[in-house]
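Report on the structure given below.
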Amino acid sequence: MIIQKDKTYKEIIEQITVDGLDTIIAENSYTIIDVRNSKGIETQGSIPGAINIPFDSIDKSIEEDNDIFNCDGPFLFCCTGGVMSYMAAIKAQEKGVKNVCNLEGGHSAWMKLQMT
């Protein structure tokens with residue numbers, strides 16, 4: 001019997017680096033979904049154009065068939081460090097949402113890049 005190793009997250013969900021985020025924002029080429037709660041956004045700020053759907057609300061938002069997920073994407077999920085958004089991207093993909101990506105390093109990595 002051959003046992004396949006689990007795929008790493010980078011093979012399952014495409015990772016977008018913060019180096020390309022300013023272009024994505026300028027071109028409005030992705031729907032950016034920020035999965036942090038409102039307190040995180042209040043204290044840390046937000047990526048321009050990002051739509052806030054807290055992590056705990058992702059399933060409900062997709063199931064309600066709202067306008068956000070009624071397009072073919074691509075969708076770029078983000079959070080503070082890239083972990084919760086990765087999990088949200090997996091949830092979305094499992095619910096049938098296509099073209100999902102994750103912001104590697106999250107909002108923190110983008111803010112760090114802005115400071116350089």
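Remarks
- Every pair of residues 6+ apart whose Cβ atoms lie under 8 Å, when the first sits in segment 27-46 and is under 20 Å from Met115 (Cβ atoms) and in contact (Cβ under 8 Å) with a residue 60 or more places away in the chain while the second is aromatic (Phe, Trp, Tyr) and outside any strand (DSSP E or B): Arg36/Phe55
- Extreme residue, surrounded by the fewest Cβ atoms within 10 Å (Cβ to Cβ), among residues of segment 55-94 that are touching a residue at least 12 places away in the same chain (Cβ under 8 Å) and assigned to a loop (DSSP other than H, G, I, E, B): Asp72
- Among the candidates Glu94, Glu42, the residue that is under 19 Å from Ile13 (Cβ atoms) and either among the hydroxyl-bearing types (Ser, Thr, Tyr) or over 13 Å from the mean Cα position of the chain (by Cα) (or both) is uniquely Glu94.
- Selection from segment 32-48 of residues that are among the β-branched types (Val, Ile, Thr) and modelled with pLDDT of 95 or more: Ile32, Ile33, Val35
The values are calculated or read from the model by the stated rules, or taken from the named source; none is laboratory data. Given the structure is predicted, the values throughout are model-derived calculations rather than measurements. Quick reminder, even Gly has a Cβ in these numbers, built from the backbone with ideal geometry, and neighbours come from all protein chains shown.
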